[in-house]
Number of protein chains: 2
Amino acid sequence: MLNFSYCNPTRIIFGQGQIAQLRQQVPQAATVLMLYGGGSIKQNGVYDQVKAALEGNRVLEFGGIEPNPSYETLMGAVALARAEGVDYLLAVGGGSVIDGSKFVAAAVPFVGEPWDILAKRAPIESALPLGCVLTLPATGSESNNGAVITRKATQDKLSFLNDKVQPLFAILDPQVTLSLPPKQVSNGVVDAFVHVVEQYLTYPVNAPVQDRFAEGLLLTLIEEGPKALAEPENIEVRGNIMWAANLALNGLIGCGVPQDWATHMLGHELTVLYGIDHARSLALVLPAMLTLRKQGKRDKLLQYAQRVWGLDPADGDIAIETAIAKTKAFFQQMQVPVTLSDYQLGCEAVDAVCAQLEKHRMTKLGEKRDVTLEMSRQVLQMSL
Amino acid sequence: MLNFSYCNPTRIIFGQGQIAQLRQQVPQAATVLMLYGGGSIKQNGVYDQVKAALEGNRVLEFGGIEPNPSYETLMGAVALARAEGVDYLLAVGGGSVIDGSKFVAAAVPFVGEPWDILAKRAPIESALPLGCVLTLPATGSESNNGAVITRKATQDKLSFLNDKVQPLFAILDPQVTLSLPPKQVSNGVVDAFVHVVEQYLTYPVNAPVQDRFAEGLLLTLIEEGPKALAEPENIEVRGNIMWAANLALNGLIGCGVPQDWATHMLGHELTVLYGIDHARSLALVLPAMLTLRKQGKRDKLLQYAQRVWGLDPADGDIAIETAIAKTKAFFQQMQVPVTLSDYQLGCEAVDAVCAQLEKHRMTKLGEKRDVTLEMSRQVLQMSL
């Protein structure tokens, strides 16, 4: 196991009816900016529950945060928060709303051009306090310190990490996920699955606790994901997915182990160029990424084959290839496509993504920094 | 899964050489009281590392905190801290030192008789900040909010839980555990194992993530525990045990699931009456406790048999009995006795423990509050 330092101060408040707990979490005197997405929270009752819990607070609203939240949109929230003296942010939504709210939290008190937080890793002196009501389990953003923001004008999708934007609390009520469209349920399961893989399928460092936890999350997602599609009213299944997706990226399973994230870097470029949903971009890239790098990842791939898919590691390459095929089949079972041609994309997309990777200096990726631009090109070609 | 609220704000700083990180964690201006146990830290280099890291701080010392830390001893530390204006506590030791330091943290600013914190659950208005350097992985106390304190004069062993005494940080350097006597290594592994069992072997609530995590910790302890005895210089093994013991009782695996803790209640009385090491008292009680309650715990026992011991759950009672026998054999493999007669105790001990349980109103124990005093008596008789 490698050395690490880990702290997760976000309070998780899990279960049905827990949105009412907002009253205990948000200071009565706070001027709250409630940030949300396309407005589904007004149909499914979440909006009303939040407003009821915050009765007594001055609450402003900023809706319309899009998937892959954009700098352009978010700067509107920054202007509103500054003009109205907002001193508390409440993100009500999925990973995009929460990521966007993290950027707003850091940008409101920022002196200078807030894009520098992403483009120049400018230091963040302070940030507004932030709480979350999660409506779409997927990214784990509700209890980590990271955010990914897109600048439409320049086709940049960049991330930042800062403890000052870690949410103070996250309310996880599986009830609110029952109204999600199946596509979002699928995306969430696949996103969480790939988050685990990025922290697990690298090389062994004798870290059995982390390995068992990662395998436990993968097994849960494989078991519960299809159930969520088949039994859309099953709230227990939704709860299990919500908790698994949270733990997939709250930092715990990544403690003391190498991490990859090459699949994410390629996926980000596919999303920014072609608008492919984040999770779907990962499903496109991951199988080929594992196949191309199967020598470097051999030991962990054999372990994955055995402990997640029940294969015999003595079968060597066959076990590895079968495990990758089963991974792909799982994505398809979750109704998520696994080839670029499913999106009517061909070789021109390979060139375009590689140009973006070069522009963003993503030319040494992966846990060993050995995924060159040429290898990324091969991965994309294998995903055609 | 049941509803829950969970937050663990303790920063874990893991790995070799990390004691030097104290410099970044403890404010330079703090007057620190360093609390420790029997003085082994002066032999193994930990004391010197701590003192070097805190150069520049005013550091006072309070040694001699015994296993099962006593109110009588700890009140000496309270008096010292009050007299010297101590404003920061640093626990350097295992669960007993850390538990004791939590009591001191709460007792120093407490108005009135500090024993009331335990005996009357008196509210804690404030506590001194507390950090830990862990030297004995076992209890998980380094990153939870609980402590167990013994009052020798009255033979009471009582616990309290309070977020105000949760350590701010815990330094886990496996290097410092290499000098532990084998008995303490064994005790630590068994203690952590039983902590997991108390949160896992109850009844199913459809919580696969928690179940996989608990099983992962049990499997790790079963695999690494004997290795720690056989390869006492293997620091990777020590690191895995240290991390497993921490996660066994940092609150995570107990989120949203029923919890038992009956074995602990009986064990506490055995310790206070006969001075049996905490972990050893648990090993005495657990096998009989599981056997007597095998109907109420049937589903989880079958799951345990299958997923932890690789048995076939179709074998029903035989699988359950084999799993319990394997649990007992694991304790013995860790050189921990499993009968009262190993301690030259007989029926008189059964009576004495039951009298203590009655005195402490421990007459409805377990996840269903159905473990009566009569059942506790049977458990102890089965452990003769």
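Bear in mind these aren't lab numbers, they're just calculated from the coordinates by the rules spelled out. Predicted, not measured: the structure shown is a model, and the values here were computed from it. Heads up, the Cβs are rebuilt from the backbone with ideal geometry, glycines too, and the neighbour counts pull from every protein chain shown.
A simple spin-label model places the labels of residue B:230 and residue B:43 2.7 nm from each other, with each point 7 Å out along Cα-to-Cβ. Mean per-residue shielding of peptide A:14-25 is 2, counting Cβ atoms of other chains within 10 Å of each Cβ. Take residue B:66, move 7 Å from Cα toward the beta carbon, and the resulting point lies 7.0 nm from the same point in each other copy, nearest first. Using the alpha-carbon positions of segment B:181-382, Rg (one decimal) and Dmax (whole number) come out as 16.2, 46 Å. Span-like helix check, chain A: qualifying full DSSP H segments, with Cα axial length of 30 Å or more and mean Kyte-Doolittle of 0.0 or more, are A:208-230.
Only bridges whose two residues both fall in the protein assembly as shown count here: according to DSSP, what percent of them are antiparallel, nearest 5? Given both bridge residues lie in the protein assembly as shown, the antiparallel proportion sits at roughly 30 percent. Whole-percent P(r), the protein assembly as shown, all Cα pairs, 10 Å bins from 0: 3, 13, 22, 25, 20, 12, 4, 1, 0. The Stokes-Einstein estimate for chain A, based on a Kirkwood radius over Cα pairs and taken at 37 °C with 0.692 mPa s viscosity, is a diffusion coefficient of 155 µm²/s. Counts of other chain beta carbons within 10 angstrom of each beta carbon in peptide A:209-218 average 6.
Pop the C-beta distance of residue A:317 and residue B:339 into the FRET formula with R0 = 60 Å and round what comes out to the nearest 0.05. Approximately 0.70, to the nearest 0.05.
Taking label points 7 Å from Cα along the Cα-to-Cβ direction, residue A:259 and residue A:298 give a separation of 2.8 nm. Cross-link reach is defined here as a Cα-Cα straight distance under 23 Å, omitting same-chain residues fewer than 8 places apart; for residue B:328 the lysines meeting it are B:183, B:227, B:294, B:297, B:300.
Legend: Rg and Dmax of segment B:66-171, from Cα coordinates, 12.3, 34 Å. Calculation over all alpha carbon pairs of segment A:210-252 in 10 angstrom steps from 0 returns a P(r) of 31, 51, 17, 1 percent. Of all DSSP-defined beta bridges confined to chain A, some 25% are antiparallel rather than parallel. Working from label points 7 Å from Cα in the Cα-to-Cβ sense, the residue B:163 to residue B:121 distance is 1.7 nm.
Please find, in a Gaussian network model of chain B (springs between Cα atoms separated by less than 10 Å), the residue of B:135, B:154, B:339 whose mean-square fluctuation is greatest. The residue with the greatest mean-square fluctuation here is B:154. For chain A, modelled as a GNM whose springs connect Cα atoms under 10 angstrom apart, the maximal fluctuation among A:206, A:68, A:145 occurs at A:206. Here the chain A residue lying nearest the rotation axis onto B, judged by its C-beta and given with the distance in whole angstrom, is A:9, 2.
Treating r as the C-beta distance of residue A:2 and residue B:55 and R0 as 25 Å, the FRET efficiency rounds to 0.35. Sorted shortest first, the distances from the residue A:299 label point to those of the same residue in the other copies are 3.9 nm; each point sits 7 Å from Cα along Cα-to-Cβ.
Each other copy holds its own label point for residue B:161; taking that point as 7 Å from Cα along Cα to Cβ, the gaps run 3.2 nm, nearest first. Per-peptide packing, taken as the mean over residues of other Cβ atoms within 10 Å, places B:264-276, B:25-37 in the sequence B:264-276, B:25-37 from highest down.
Highest GNM mean-square fluctuation among B:157, B:368, B:328, for chain B modelled with Cα contacts below 10 Å: B:368.
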